[in-house]
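The values are calculated or read from the model by the stated rules, or taken from the named source; none is laboratory data. No experiment lies behind these values; they were computed from the predicted model shown. Here Cβ is always computed from backbone atoms with ideal geometry, including for glycine, and neighbour counts include all displayed protein chains.
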Amino acid sequence: MIEQFSEQAKLERITRRWWFFGLFVLIQFVPPYASKGYKFPDEWGDVIMHALRYAFIYSYPRLFPIFKIIPVALIIGIIVFRNKVARIFNIYASFSYVLFAFGQSIAVTERYGVAICTVNVVMFLVIAAFWAWEAIVVKNDFKSAGISPFRYWVVPLLLIAFWYPLDFRTARPDFNPVHLFTNVAGVTFCMMTPVYVGLLTLYWPKVNQAALRVTSIVGLIIGLYNVNLNFIMKPSILWLNGVLHIPLLFISLYGLILSLKRPQVKNRADENTGSDEG
């Protein structure tokens, strides 16, 4: 247990370093992969768009409800049972980012063959690793949320992201409330990250600061990419998709700011022990 806390302290220090942030900047220059090849660098962006637009996971709509119901059940479990479901929640979060890495970042297309958005695969697997570590050390303490009413501004935004009232194939509005439990949002990085980060901000500072920081960094990067795509490159057809990505941008920025603060709290003597843990 002492070794785990020591390693966690190292992670929290490392993820504060300027060079750690610099690594995420350098990762952005990792080129995409296409089994049929492509003109480098002219078709770099096109390969990425093919990998994301025709990603594997979109071919399995029957699985979508599963990935909406499970997070809802886990969040209800956190509210009701608190730390008894913390480890299960952490494991599911880690699995989600593995799913985003391989299911939402890789596609087989006629033009490029196997197309891989390599940068996303790398970043999402890094997040998955931090959440997997959190499943071991269980630093997230869900005994009680923050008492400040201001904290709850994230709730409407994360609910909008989770609902995602849009037909992602046509980019047209679709406000059917059934989609809260049936649409593609549960298998997408951009819609689930506001949920994970937003939840941690409600319980900050008694959360895994390193996991919050890394998830927020990548969320902010992807959020900025979406601002460029939806509001600058193709605003006429993707503006609503851009609006629905605002939770990713704002909540990730907020989560990053919180993760960099140094809360004036002492480590709990009973951290990760006691009857509330499962």
Flag for residue 97 being farther than 24 Å from residue 69 by Cβ and of a type outside the set (Gly, Ala, Ser): no
Read through the list (1) touching a residue at least 40 places away in the same chain (Cβ under 8 Å); (2) in a helix (DSSP H, G or I); (3) out of contact with any Cys (no Cβ under 8 Å at 6 or more places or on another chain), then give the number of the only condition that residue 153 fails. (1)
Inspect the stretch 90-110 for any residue being of a type in the set (D, E, K, R) and either closer than 23 Å to residue 218 by Cα or modelled with pLDDT of 95 or more (or both) and give the result as yes or no. no
List every residue pair whose Cβ atoms sit under 6 Å apart, with the two residues 6 or more apart in sequence or on different chains, where the first one lies in the stretch 95-108 and is closer than 17 Å to residue 131 by Cβ and the second, anywhere, is of a type in the set (Phe, Trp, Tyr). 97/124; 100/124; 100/189; 101/124; 103/56
I need every pair where a residue in the stretch 183-197 that is over 14 Å from residue 104 (Cβ atoms) and at pLDDT 95 or above has its Cβ under 7 Å from the Cβ of a residue that is in a helix (DSSP H, G or I) and among the small types (Gly, Ala, Ser), sequence separation at least 6 or different chains. 194/161; 195/161; 196/93; 197/216; 197/219; 197/252; 197/255
For the stretch 1-75, which fully contained helices (runs of 4 or more DSSP H) count at least 1 residues that are of a type in the set (Lys, Arg) and exposed (fewer than 12 other Cβ atoms within 10 Å of the Cβ)? 2-14
Members of the stretch 12-38 that are more than 19 Å from residue 219 (Cα to Cα) and either of a type in the set (Phe, Trp, Tyr) or modelled with pLDDT under 90 (or both): 33, 38
How do the pairs read when you match residues in the stretch 228-240 that are within 21 Å of residue 175 (Cα to Cα) and touching a residue at least 40 places away in the same chain (Cβ under 8 Å) with residues anywhere that are among the polar types (S, T, N, Q) and part of a helix (DSSP H, G or I), using Cβ under 6 Å and keeping only pairs 6 or more apart or on different chains? 238/230
Determine whether residue 142 is over 16 Å from the mean Cα position of the chain (by Cα), surrounded by fewer than 17 Cβ atoms within 10 Å (Cβ to Cβ), not acidic (Asp, Glu) and not in a strand (DSSP E or B). no
Do the conditions hold for residue 122, that is, is it modelled with pLDDT of 95 or more and either surrounded by fewer than 17 Cβ atoms within 10 Å (Cβ to Cβ) or over 25 Å from residue 180 (Cβ atoms) (or both)? yes
All but one of (1) within 20 Å of residue 215 (Cα to Cα); (2) more than 15 Å from the chain's Cα centre (by Cα) hold for residue 193; which doesn't? (2)
Quick one: what pairs do we get from the stretch 25-40, first residue under 13 Å from residue 118 (Cβ atoms), second in a loop (DSSP other than H, G, I, E, B), C-beta under 6 Å, 6+ apart or different chains? 32/117; 34/112
For residue 169, work out the one condition from (1) basic (Lys, Arg); (2) within 17 Å of residue 57 (Cβ to Cβ); (3) assigned to a helix (DSSP H, G or I) it doesn't fulfil. (3)
Qualifying positions in the stretch 1-24 - hydroxyl-bearing (Ser, Thr, Tyr) and in contact (Cβ under 8 Å) with a residue 40 or more places away in the chain: 15
